[in-house]
Amino acid sequence: MSAIKNKSLAVFAVDNSVRGIIAVYNDGDDASKGIFYKTFDQDIEVNDIVIVPAKSRLGFTTNKVVQVDVDPDFERTKEVKWIAGRADFTTYESNIAGEKALMEKLNEGDRARARESVAADLKATMGDDYKLIEAIEFNK
């Protein structure tokens, strides 16, 4: 009986639902520059952003998934870490879209107020002559 060289891979031998995932730190990198992780999350797909352990200040960073369902190399010696989870941007994207719609409405209001302000200034400075401006027909 041979001993497992890398105990962090033992879960692959005892549970068929664990998945091998390759993810990269820099967008655009291919799998050759990726890191092999493990997860039980069956919903992780290529291009998902995942939260992974790191030596950063908070102990985690994000990576982009470039390959899923990768068979482990049982000869590897480097520890295989768990994916902490998949980043869910649903709320973030909804907030960005809502804010964009709000800004568009505010800009429309600003433009309307600016037009009203210019018209009021013209009326105040031109008096009755303002009616002449209103009567001008522009080629549209």
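Expressed in Å, the radius of gyration and Dmax of the Cα atoms of the range 1-49 are 13.1, 42.
Taking the average, over residues, of other Cβ atoms within 10 Å as the packing measure, peptides 86-97, 56-67 rank 56-67, 86-97 from highest down.
The helix-based estimate of mean residue ellipticity at 222 nm for the chain, built from -39,500 (n - 2.57) per DSSP H run of four or more residues and divided by its residue count, is -11500 deg cm²/dmol to the nearest 500.
For the chain, the Stokes-Einstein estimate of translational diffusion at 37 °C and a viscosity of 0.692 mPa s comes to 162 µm²/s, using the Kirkwood hydrodynamic radius over alpha-carbon pairs. With springs only between Cα atoms under 10 Å apart, run a GNM on the chain and tell me which of D43, D71, D29 wobbles the most. Top of the fluctuation ranking is D43. Going by neighbour counts of Cβ atoms within 10 Å, the residues D73, D30, D128, D48 line up, fewest first, as D128, D30, D73, D48.
Listed by chain and number, the lysines whose C-alpha is less than 30 Å from the C-alpha of K38, apart from same-chain residues fewer than 8 away, are K5, K7, K55, K64, K78, K81.
Relative to the first principal axis of the alpha-carbon coordinates of the chain, what is the inclination of helix 90-126, with its axis defined by its Cα atoms, in degrees from 0 to 90 and to the nearest 10? Orientation of helix 90-126: about 10 degrees from the principal axis. Against the empirical curve 2.2 N^0.38 Å, the C-alpha radius of gyration of the range 7-87 lands at a ratio of 1.02.
The alpha carbon centroids of the range 80-120 and the range 10-53 are separated by 33 Å.
The charge dipole of the chain, taken about its Cα centre with unit charges on the Cβ of Lys, Arg, Asp and Glu (plus for the first two, minus for the last two), comes to roughly 720 debye. Classify the range 92-135 as rounded, prolate or oblate from the Cα gyration tensor: take a ≥ b ≥ c as the square roots of its eigenvalues, call it rounded if a/c is under 1.5, otherwise prolate when a/b beats b/c and oblate if not. It is prolate, given that a/c is not under 1.5 and a/b is the larger ratio.
Read-outs throughout are calculated quantities, based only on the coordinates presented, and are distinct from any laboratory measurement. Every value quoted in this text rests on a predicted model; they were computed, and no experiment measured them. Backbone-built Cβ (ideal geometry, glycine too); neighbour counts: all protein chains shown.
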